[in-house]
Amino acid sequence: MTALKELFTSDVGLLSLAVIAFMLGMGAYYTRYFLKHMHDDEARMRQQQ
């Protein structure tokens with residue numbers, strides 16, 4: 001329980017939460033970006049055939 005208290009109240013804990021949130025957001029963005037471009041490339045390849 002003290003670990004959660006320190007995570008949400010100390011400067012180091014809040015910065016850790018910010019980094020975790022940023023990394024999760026970046027992972028979601030890149031996943032969406034890569035999937036979109038993979039589908040676009042597949043559609044382009046089908047048009048060329």
(request) Quick one: what are the phi-derived ³J(HN,Hα) couplings along region 14-28, Karplus 6.51/-1.76/1.60 with θ = phi - 60°, whole Hz, x for glycine and proline? (result) 5, 5, 5, 4, 5, 5, 4, 5, 4, 5, 5, x, 5, x, 5
(message) If you take semi-axes √(5λ) of the Cα gyration tensor in Å from the coordinates, which of (1) 28, 13, 8; (2) 20, 15, 5; (3) 43, 7, 4 do you get?
(response) (3)
(message) Suppose each label sits 7 Å from its Cα in the direction of the beta carbon; what would the L14-Q47 distance come out to in nanometres?
(response) 5.0
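Taken together, the values in this text are just the output of simple stated rules run on the coordinates, not laboratory data. What you are looking at is a predicted structure, and each value in this text was computed from that prediction instead of being measured. When we count neighbours, we look across all protein chains shown, and the Cβ atoms used for this are built from the backbone with ideal geometry, even at glycine.
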